[in-house]
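A short worksheet on the structure shown next.
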Amino acid sequence: MHTLDGKVALVTGGGQGIGQGICVALASEGAAVAAVGRTESTLRATCKDIEGRGGTATPIVCDVADDDQVAAAVSAAVSEFGTVDILVNNAHDISFGPLLALDAAALDSSWSSGLLGTLSMMRACHPHLTGGGAIVNLGSGAVHAPTAGVGGYAAVKAAITALSRTAALEFADDGIRVNTIVPFALTPSVQAVFDANPDHRDAAVASVPLGRIGDPLADIGRAVAFLCGPDAGYITGTVLTIDGGETYLR
């Protein structure tokens, strides 16, 4: 018996990195997974991985910054699996750069996909989540430990964190729990940075008190599965930092 048997999860940004790890972890606990994102090939790879482990998944192409596509994606998931019990908002166009040189269009894209995409997905899934659903949104340690060059990104993540806490309050009467995670994991984009400059990897590992960078499946995905499961039934409105102590212990 798995903790999420009979549940249906919709995960945005499910084609790679943390999103992929979350998809696989939820499926491993018995959930049927709708892997949502913009790139069909990566979504299919995630679903193939899940199916190879004995799970159930379907790819759904969607740009979360487009409300019509969000509505269509949720409808497709419901058509395929009957409902949505779990929503994980992971998709987000990231915009980095010094504040004085931050590109307005890039920041707007980050805002539209991050904050507004998260809100749009929560609204579209709300009718299906009512009566016991769970939402997990993605925050960032950059909100709590500012770093030069990530101000725009951190601002959007701070807004998502605030939105999540309000949603937890407003959705409580509907039986929907809403939590935020702050992950630090070895994703393809992080690996690309390390490949270009190995010294960055050494510095990153040194910044983590537990001495390693998290795994998208084993560390982040399994924590999300816990938050969405029955053992976390009394947890809502919280921020769970899953980073080996990197944000608060340095």
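The values are calculated or read from the model by the stated rules, or taken from the named source; none is laboratory data. Quick caveat: nothing in here was measured; it's all calculated off a predicted structure. Cβ atoms come from the backbone with ideal geometry, glycine included; neighbour counts cover every protein chain shown. When the accessible area is computed, the model is the full protein with side chains, heavy atoms only, and any ligands, DNA or RNA have been set aside. Shrake-Rupley method; radii C 1.70, N 1.55, O 1.52, S 1.80 Å.
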Among Gln69, Gln20, which is the only one that is among the polar types (S, T, N, Q) and either open to solvent by less than 10 Å² (accessible area, probe 1.4 Å) or closer than 19 Å to Pro216 by Cα (or both)? Gln20
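Residue-by-condition table, conditions (1) among the small types (Gly, Ala, Ser); (2) part of a loop (DSSP other than H, G, I, E, B); (3) surrounded by fewer than 13 Cβ atoms within 10 Å (Cβ to Cβ); (4) at pLDDT below 90:
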site: Gly149; (1), (2), (3), (4): yes, yes, no, yes
site: Ala154; (1), (2), (3), (4): yes, no, no, no
site: Ala158; (1), (2), (3), (4): yes, no, no, no
site: Ser164; (1), (2), (3), (4): yes, no, no, no
site: Phe171; (1), (2), (3), (4): no, no, no, no
site: Gln191; (1), (2), (3), (4): no, no, no, yes
site: Phe194; (1), (2), (3), (4): no, no, no, yes
site: Val208; (1), (2), (3), (4): no, yes, no, no
site: Leu240; (1), (2), (3), (4): no, no, no, no
Search the stretch 196-206 for residues being among the aliphatic types (A, V, I, L, M) and open to solvent by 40 Å² or more (accessible area, probe 1.4 Å), and hand back the single one that is nearest to Asn89 (Cα to Cα). Val205
Would you list the strands (runs of 3 or more DSSP E) that sit entirely within the stretch 52-141 and hold 2 or more residues that are on the phi < 0 side of the Ramachandran plot and modelled with pLDDT under 95? none
